[in-house]
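Below is one structure, written out as structure tokens; the observations come after it.
Just so it is clear, none of the values below were taken in a lab; they were calculated from the coordinates. Given the structure is predicted, the values throughout are model-derived calculations rather than measurements. Quick reminder, even Gly has a Cβ in these numbers, built from the backbone with ideal geometry, and neighbours come from all protein chains shown.
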Amino acid sequence: MPLTRDEDIAALLTETRTIALVGASDRPDRPSYRVMRFLQDHGYRVIPVNPQITGEHVHGEYIWRELAQIGEPIDMVDIFRRPEAAGDAVDQAIAAGAKSVWMQLGVINEAAAARAEAAGLKVVMDRCPAIDIPRLGVPRIAEA
């Protein structure tokens, strides 16, 4: 079952350091652009992933085409994709060894969530960390 209890979500956000943001955008009017900046400002390392704009930069980070290219440990994969496309991002998260997947508001894919959980990943679905972090009082992530 995806995490729903505030305590579990706060713990996940507190233990997370590196987030791969699938569906990242370099357009300021897009929610993923604003959420990426919020997460960076809160102390997370955020690595953008988007096959349509690979090779560009957003908020100072190189945009990768897929998770497998990143080549460093990923704690969480934050998914800004349509629900039917979220499964591919979840499968990439599993293959990349991520510890959790977070499906954004409106992104509900029960089959993908079940695959992630079966692979040992924590799952959050239909929520936004930029809403939950201040709501839950999650402290800023300290520099390592």
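DSSP beta bridges in the chain, what fraction antiparallel, as a percent rounded to 5? The antiparallel proportion sits near 10 percent. With the simple model of a label 7 Å out from the Cα in the direction of the Cβ, R135 to D41 spans 1.9 nm. In the chain, the calculated helix contribution to ellipticity at 222 nm averages -10500 deg cm²/dmol per residue, counting -39,500 (n - 2.57) for every DSSP H run with n ≥ 4. Local charge for P2 was computed over the other residues whose Cβ lies under 15 Å away, with Lys and Arg +1 and Asp and Glu -1, and equals -3.
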